[in-house]
C-alpha cells in the first residue's frame with residue numbers, strides 16, 4: 001500500500017485516521033447535544049419561509065391590493081394613528097411584484113398591532129395567531145428574545161460545526177456523492193441518505209447555519225464589539241448600522257403629506273420601487289419619515305431617503321453609497337429566510353430546508369442504529385427521538401388546528417402541551433421505537449388531512465389557501481400510503 005493512500009481508500013486526506021476517528025466522535029457528540037433544538041429550529045425555519053403564505057391561509061378574507069394611491073395611504077395612517085398612543089412608530093408595507101397587499105404595523109416597546117389596508121384606505125385587523133406563533137418559535141423559541149435568540153444562535157453554531165466536522169470525518173464523502181444504497185440495512189440506508197443530502201445541499205446548509213448563528217447571536221456580537229471598541233457603549237455599535245433618532249422636539253407640527261415624499265424618493269432612485277415607509281413621532285416637530293425602496297436583482301432594499309416633518313431630505317442613500325460589508329449585513333435576514341425572489345425561491349428554500357431536517361434527524365438515527373448493531377441499544381433514547389422527529393410535526397399541526405377552529409387555547413400552549421405529553425409518553429412507554437414512530441406518523445397524517453379538510457370547507461376559494469390545503473391532504477395521504485407499503489413488506 002502506498003504511503004499516500006489511506007486504508008479507507010482515500011488519497012491525500014489531510015487528517016490522520018486517528019484524528020478522523022476523534023473528529024467523528026466529536027461530530028456525533030455535538031450533534032446529539034443539540035439535535036433536538038437543531039431539528040426544531042430547522043423544521044420551524046422551513047415553515048417560516050412560507051409565513052406570509054400561511055398568513056393568507058389563516059385569514060384569507062384580508063384585503064390584498066396590487067397598488068395603492070398616496071391619498072389612500074394617508075387615510076390608512078390617519079385611521080391607525082387615531083387608535084394608537086403617542087410615540088408609536090408606524091411601519092407601512094407597500095405592495096410589490098413578489099408580494100401583494102399593503103399593511104400597517106403600529107409598534108411600541110410594550111405593544112404591537114397590525115392591519116391590512118383595503119383599496120379605500122380602511123383598516124382590517126390582522127389576526128394570524130399560528131403564523132405569529134411559528135415565526136416566534138423559530139426566532140426565539142417563545143423565550144425572552146435575548147435568551148431565546150441566543151439559544152437559537154447556538155443551535156446555528158452547532159449545526160455549522162456539525163457540518164464542518166461531518167465533512168472532515170468522511171474522507172470519501174465527495175467521491176461517494178452519488179452512491180446511494182436503498183432497500184438494504186437500515187443503518188447503511190440512513191447513512192447514505194444523511195451523507196448524500198448533506199453534500200448535495202451543503203452550500204444551503206452552510207448558508208442557513210451561518211446566517212442563523214449571526215442573527216441569533218447578534219446581541220452577543222454587539223456586546224463584544226462594544227467592549228472592544230467603545231468601552232461597552234452598545235449605542236455606538238448600533239449607530240454603525242441604524243440611524244440614531246432625531247433630536248427631541250416635542251412641539252406639535254402637522255404631519256408631512258406622503259404623496260410628495262414618495263414622488264421625491266422615486267425621483268432620487270430611478271428604477272427602484274418604494275417598499276416600506278417608516279413614520280416616527282408623527283405630529284411632532286421631530287417627526288421623521290423614511291422611505292426604503294427595492295431594486296430588481298438586489299437581495300435587500302438599499303435605496304433609503306429620509307425626510308423631516310417639513311418634508312426636507314435629511315438622508316439620501318443608494319446602493320453605490322454602501323460598503324460591501326454593509327450590504328452583506330443588510331442581506332443576512334433575507335438570505336436566511338428566503339424572502340426574496342418570490343414563490344420560486346420560497347419553494348427551493350422549502351425543499352432544501354426539508355433536506356436539512358432529514359440530515360439532522362438521520363444523523364441521530366444513524367448513531368442509535370450503530371449502537372443497536374454493536375449490541376448496546378438505547379431503546380429509551382430511540383423512543384424519545386421518534387417522539388421528537390414525528391412529535392414536533394404533530395404538535396405544530398395541532399397548534400395550527402387549534403388556530404383554524406378558533407379555539408380559546410393559544411397555539412403556544414397547544415404546542416407546548418403536545419410536546420410535553422409526547423416526550424413524557426415516550427419516556428415511560430415500553431413500546432418499541434419503530435411502532436411508536438409508525439403510530440406518530442399515522443397521527444401526523446390524519447391530523448394533516450383533518451386540518452386540510454376543515455380549512456377547505458371553510459375557505460374553498462382562496463388560491464393560496466387551496467394550495468396549502470392540497471399539500472396537507474396530499475402529504476397526509478402519502479404518509480399513510482408509505483406506511484401501508486412498509487407494513488405489507
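Does the range 218-356 come out rounded, prolate or oblate by the C-alpha gyration tensor, with a ≥ b ≥ c the root eigenvalues, rounded set by a/c under 1.5 and, if not, prolate when a/b is larger than b/c and oblate if not?
oblate
Say R0 is 56 Å: what FRET efficiency, to the nearest 0.05, do residue 417 and residue 327 get from their beta-carbon distance?
0.80
If packing is taken as the mean number of other Cβ atoms within 10 Å per residue, what is the order of 350-357, 37-44, 408-415, 423-430, highest first?
In descending order of packing, they fall as 37-44, 350-357, 408-415, 423-430.
Against the longest alpha carbon principal axis of the chain, how many degrees, from 0 to 90 and to the nearest 10, is the axis of helix 186-200 turned?
Roughly 40 degrees, rounded to the nearest 10.
Over the range 20-160, what is the relative contact order in percent, taking alpha-carbon pairs closer than 8 angstrom and at least six residues apart?
28 percent
If you fit an axis through the alpha-carbon atoms of helix 258-268 and take the longest principal axis of the Cα set of the chain, what angle between them do you get, 0 to 90°, nearest 10?
Roughly 70 degrees between the two axes.
Over the chain, what is the relative contact order in whole percent, taking alpha-carbon pairs under 8 Å and six or more residues apart?
Relative contact order of the chain: 16 percent.
Restricting to Cα pairs below 8 Å that are 6+ residues apart, what does the relative contact order work out to for the range 203-312? Please round to a whole percent.
19 percent
For residue 219 and residue 241 in one chain, what is 0.36 nm times their gap in residues minus the Cα-Cα distance, to one decimal in nm?
Length difference between fully extended and current span is 6.6 nm.
Assuming a ≥ b ≥ c are the square roots of the Cα gyration tensor eigenvalues, decide whether the range 85-152 counts as rounded (a/c under 1.5), prolate (otherwise, with a/b larger than b/c) or oblate.
Prolate shape, in that a/c is at least 1.5 and a/b is the bigger ratio.
Return the calculated 222 nm mean residue ellipticity for the chain, to the nearest 500 deg cm²/dmol, obtained by summing -39500 (n - 2.57) across DSSP H runs with n ≥ 4 and dividing by the residue count.
Counting only the DSSP helices, I get -19500 deg cm²/dmol.
In nm, to one decimal, how far is the residue 18 label point from the residue 374 one, both placed 7 Å along Cα→Cβ?
1.9 nm
By how many degrees, 0 to 90 and rounded to 10, does the Cα axis of helix 379-389 deviate from the longest principal axis of the chain?
30 degrees
Starting from the 7 Å offset along Cα-to-Cβ, what nm value, one decimal, do you get for the label separation of residue 435 and residue 200?
A separation of 3.4 nm, rounded to one decimal place.
For the range 382-489, just the Cα set please: Rg and Dmax, both in angstrom.
Cα only, the range 382-489: 14.8, 46 Å (Rg, Dmax).
The numbers here are math on the coordinates, done by the rules we state, and not lab data. Keep in mind that what you see is a predicted model, and the values were worked out from it rather than measured. Neighbour counts are summed over all protein chains in view; Cβ atoms, including those assigned to glycine, are modelled from backbone coordinates with ideal geometry.
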